[in-house]
Amino acid sequence: MASEERTTPESTAAPSGPSERPARPPRRFGSRRKVCRFCADHIRGLDYKDIGRLRMYVSERGKIEPRRKTGACLRHQRLVATAVKRARHLALLPYTLQHVRQTGVFPTRG
Ligand SMILES: [Zn+2]
């Protein structure tokens, strides 16, 4: 598989069949549907004091992760955003990268 690295990009995109229209790439790892964690755990409300949970939805730079990354549904993503903002207000979560460095809430890389 790695021996033919230098082929044209078309051949890598569509390994078999006519390359008129690029077919959908086959799913290698099976369909891993992202499920909203809150829906899965049947959590209705979200507490701003629940930092351990909120932390998963905040990047290491202190930003709220987008839905496409978290996989949260719209309702819960809104709750997350509100809870994170409340937690920030109480200095439980950082606002900016500077705060991350000062407070050391997240282990900064490099
Ligand atoms: Zn949900």
| Taking amide hydrogens as modeled 1.01 Å from N in the peptide plane, which residues meet the under 5 Å criterion relative to residue 58, leaving out close sequence neighbours? | 65
| query | So what is the relative contact order of the range 34-110, in percent, for Cα pairs below 8 Å that sit 6 or more residues apart? | reply | 35
| Which whole-Hz couplings ³J(HN,Hα) result when phi for each residue of the range 75-84 is put into the Karplus expression 6.51 cos²θ - 1.76 cosθ + 1.60, θ = phi - 60°, listed in order with x for Gly and Pro? | 4, 6, 5, 5, 5, 4, 4, 5, 5, 5
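Only the coordinates and a few stated rules stand behind these numbers; no lab work does. Here the structure is a predicted model, which is why all the values come from computation and not from measurement.
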